[in-house]
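Please treat every number below as a calculation from the coordinates, not as lab data. Keep in mind that what you see is a predicted model, and the values were worked out from it rather than measured. Reconstructed Cβ throughout: ideal geometry from the backbone, glycine too, with neighbour counts over all protein chains shown.
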Amino acid sequence: MTSLTLALSKGRILEDTLPLLAAAGIEPEEDPLDSRKLVFATNREGLRLLVIRAADVPTFVAYGAADLGVAGKDVLIEHGGQDLYEPLDLGIAKCRLMVAGLPGALEGAANRPLRVATKYIETARAHFARAGRQVELIKLYGSMELAPIVGLADVIVDLVDTGNTLRANGLEPFETIREISSRLVVNKAAMKMKHDRIEELLDVFNRTTEAQRTQSRAGGK
């Protein structure tokens, strides 16, 4: 049987993906949330899971180290994604990619380039270019909310879920760049060489995702 490798993003996406896998009848040999292992066999013959940093999922899939992967749309936009197929929106780990800062920050930088702290350098560059706004981009990997507070940047571009972290640090959202959810991506060569096996898995994910969406809509009525 053709073997498949599915790369999963660590963190919230992993937590949201595991129930989806379980609903599809796919169980890892042990709980990835409680293990330090990075590779997991599953109860589905020929299917193994990799658990890696979210930012690395597109690279693993693009270079064929994994046949498929689950990654946030924010990561895929930053990566570029041209060398991947993106057949399915899983509808999990939903949030927004936003511009945020201290009140009045945009007006205060009206006559000079806006200083923007973010780990989404290419996404931020494209967004502000479309708006015709000159920016100075500052690459950060964490503690993004500190940047406006200590004067490192005027605004940040970052993921926002509930907005509680922004409010706790005195920041406010200014605009949404993109609604974000997690997507299933496929290596282009694998789609050709392992087409039947991948289509089978995609069908399972599609049916499971649609069933959960239907259940969610029914529960919201």
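Rounded to the nearest 5, what % of DSSP beta bridges with both residues in region 95-179 are antiparallel?
Values: 12 of 20 bridges.
Counting only bridges with both partners in region 95-179, antiparallel ones make up about 60 percent.
With a cut-off of 12 Å on the backbone N, the residues of region 136-165 near the modelled label site 7 Å out from F174 along Cα-Cβ are 136, 148, 153-158. As an exercise, use a Förster radius of 45 Å and the Cβ-Cβ distance of R167 and S3 to find the FRET efficiency, rounded to the nearest 0.05. About 0.45, to the nearest 0.05.
With both bridge residues required to lie in the chain, what share of the DSSP beta bridges run antiparallel, to the nearest 5%? Please list the in-between numbers first.
On the way: 26 of 43 bridges.
In the chain, DSSP labels about 60 percent of beta bridges as antiparallel.
A Cβ-based charge dipole, computed about the Cα centre of the chain with Lys and Arg at +1 and Asp and Glu at -1, lands at about 380 debye.
Note the full-extension length gain between V204 and Q82 as 0.36 nm times their separation in residues minus their Cα-Cα distance, in nm to one decimal.
Values: separation 122, 0.36 × 122 = 43.92 nm, distance 2.47 nm.
Length gained between V204 and Q82: 41.5 nm.
On a 25 Å Cα-Cα criterion, which of the cross-link pairs K73/K139; K94/K119; K37/K192; K10/K139; K73/K119; K119/K188 come out too long? Result: K37/K192; K119/K188 exceed 25 Å.
Full extension of the chain between K139 and K37 gives 33.7 nm of extra length, using 0.36 nm per residue less the Cα-Cα distance.
With the contact rule set at Cα under 8 Å and sequence spacing of 6 or more, what percent relative contact order holds for the chain?
Result for the chain is 27 percent.
Taking a ≥ b ≥ c as the square roots of the Cα gyration tensor eigenvalues, region 95-179 comes out rounded, since a/c falls below 1.5. Over the chain, DSSP H runs of length four or greater, each weighted -39,500 (n - 2.57), average out per residue to a 222 nm ellipticity of -10000 deg cm²/dmol.
Between A211 and E29, the contour length at 0.36 nm per residue exceeds the Cα-Cα span by 63.0 nm. Averaging Cα coordinates gives a centre for region 184-214 and one for region 100-170; these two points are 36 Å apart.
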